[in-house]
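Some notes on the structure that comes next.
The values are calculated or read from the model by the stated rules, or taken from the named source; none is laboratory data. It should be emphasised that the depicted structure is a prediction, and the values quoted were computed from it without experimental measurement. A quick note on method: Cβ atoms are made from the backbone with ideal geometry, for glycine too, and the neighbour counts reach across all protein chains shown.
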Amino acid sequence: MSGLVGHTLYGVLAAKAAVARKLPIAPVIERNLASYLAGAYLGCDIQTMPEAVCDDTGKEVGYGTVPLAKSPITGGKVRPWKLTHEGAGHTPRQVHAMFYGRSHLVFGWAGAEAKLAIPWDHLPDYAALAAEDARVLFGPGERPLAYVLGTLVHVVSDSLIKSIQPGIDLNLMDGKYTPKNRPVQDLVSFHEIGTRELGLDWPCLFEDLAQTPIEPAQFHWMRVGEPKGKLARLLPDGWEPGKAALLRGVLAENRRYLPTHARDVLADMRLERTASGWQCSKAMSDASGGMGYAQMVELAKKADFRHALWQMTEAILRMFQQVIERSPLLRSLLLEEGPGWADLGKRWAAGR
């Protein structure tokens, strides 16, 4: 399993909240929703690639860094998958070690690079400069800025759900974020909240974000490339221009493999109508410790899962507001783009 469902939902909820609070970034997010949601997933999870290859079929299987003992297709043996770049092979774990901390900023760094981690209380400053650079260096279009805002959603939500930072009061089965409760979180988020409450078309959302291009602003966010802009003036050290070509290969692989991964996720989310009601797959039930779908829904209700989502969304909104406070450019974004069609139509229909 991966965080595709969760991070997409966090992004959608934060976008709705930004509109409701009339934040100046809200129209940018609305106009560039696919890129914003791509940032909320691919902006950080650079391990979105196969984990292995099925020996029997030769097909790529699994999700990067998630151990796979046997093929989900045949039950047979698997061999490691590698990303080939300039004649060298890189496993998902090696890619993770090189780039995961750089995308997540505040945690996940490996080895000697751990000293480059951004303290949590410095994250608004970092994000404000990265957002301004996205517009100035990689604009003038809005898409790079929307992507960076989505990436920030991922950093905040991952930090809270993984207990890197406090702010989420959730005790679902055996904790906040565990192998046993993740099927519950995903299935309830997908069906009860996403589909039934929000009316989301999940396959459409996943397809749209998979079609978004590689954003140069992501290299800048990760400090992989030549140092430039306001971000480099704040943090002149830790830039890795020599890894830019490899990162481009990683980001291209993320987008190539995401449709396959999304199909796997959608298959995991499938429910079947039975005599006793809707039921999830045996694999998802087994992963949760043997629960049926109705039990999962009831458990999420008892754990007040929706309240935890409210806490998550409010935390992201607070981060958005702190970033906006630090950025004259973001504060200057127009909430209104001029008269709407109702006003124009009324005036123009009257003629002279």
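The number of residues in the stretch 306-335 being surrounded by fewer than 13 Cβ atoms within 10 Å (Cβ to Cβ), at pLDDT 95 or above and assigned to a loop (DSSP other than H, G, I, E, B) comes to 0. Scanning the stretch 240-277 for residues that are more than 27 Å from I214 (Cα to Cα) and without any contact (Cβ under 8 Å) to a residue 24 or more places away in the chain yields a total of 7. Considering the stretch 1-74, the qualifying helices (runs of 4 or more DSSP H), each wholly inside and each with 1 or more residues that are of a type outside the set (S, T, N, Q), surrounded by fewer than 17 Cβ atoms within 10 Å (Cβ to Cβ) and out of contact with any Ser or Thr (no Cβ under 7 Å at 6 or more places or on another chain), run over 4-20, 26-31. Are any of the residues in the stretch 89-106 more than 22 Å from the chain's Cα centre (by Cα) and surrounded by fewer than 17 Cβ atoms within 10 Å (Cβ to Cβ)? Looking through the stretch 89-106, at least one residue is more than 22 Å from the chain's Cα centre (by Cα) and surrounded by fewer than 17 Cβ atoms within 10 Å (Cβ to Cβ). Every listed requirement among (1) under 30 Å from H122 (Cβ atoms); (2) assigned to a helix (DSSP H, G or I) is met by A300 save one, (1).
Restricting V66, V153, V106 to residues that are in contact (Cβ under 8 Å) with a residue 60 or more places away in the chain, within 24 Å of A14 (Cβ to Cβ) and among the β-branched types (V, I, T) narrows the list to V153. Checking L137, L160 one by one, the residue that is in contact with a His (Cβ under 8 Å, 6 or more places away or on another chain), surrounded by fewer than 24 Cβ atoms within 10 Å (Cβ to Cβ) and among the aliphatic types (A, V, I, L, M) is L137 and no other. Taking the criterion of being out of contact with any helix residue (DSSP H, G or I) (no Cβ under 6 Å at 6 or more places or on another chain) and of a type in the set (A, V, I, L, M), the residues of the stretch 121-148 that qualify are L123, V136.
In the stretch 107-134, which residues are among the aromatic types (F, W, Y) and either closer than 20 Å to L317 by Cα or exposed (fewer than 15 other Cβ atoms within 10 Å of the Cβ) (or both)?
Of the stretch 107-134, the ones among the aromatic types (F, W, Y) are 107, 109, 120, 126.
Listed by number, the residues that qualify are W120, Y126.
Among the residues of the stretch 282-305, is there at least one that is loosely packed, with under 14 Cβ neighbours inside 10 Å, under 30 Å from H90 (Cβ atoms) and charged (D, E, K, R)? Checking the stretch 282-305: not a single residue is loosely packed, with under 14 Cβ neighbours inside 10 Å, under 30 Å from H90 (Cβ atoms) and charged (D, E, K, R).
Counting the residues of the stretch 164-188 that are among the polar types (S, T, N, Q), surrounded by fewer than 22 Cβ atoms within 10 Å (Cβ to Cβ) and within 18 Å of the chain's Cα centre (by Cα) gives 1. Residues satisfying the criterion are present in the stretch 190-203 (criterion: on the phi > 0 side of the Ramachandran plot and free of Cβ contacts under 8 Å to residues at least 12 places away in the same chain).
From the set of residues in the stretch 48-87 that are basic (K, R) and farther than 16 Å from A283 by Cβ, which is nearest to the chain's Cα centre (by Cα)? Taking the candidates together, the pick is K82. Applying the set (1) farther than 30 Å from R135 by Cβ; (2) modelled with pLDDT of 95 or more; (3) in a helix (DSSP H, G or I); (4) of a type outside the set (F, W, Y) to G290 leaves exactly one unmet item: (3).
Based on this model, can you work out whether A294 counts as in contact with a strand residue (DSSP E or B) (Cβ under 8 Å, 6 or more places away or on another chain), aliphatic (A, V, I, L, M) and without any contact (Cβ under 8 Å) to a residue 40 or more places away in the chain?
For A294, the condition - in contact with a strand residue (DSSP E or B) (Cβ under 8 Å, 6 or more places away or on another chain), aliphatic (A, V, I, L, M) and without any contact (Cβ under 8 Å) to a residue 40 or more places away in the chain - is met.
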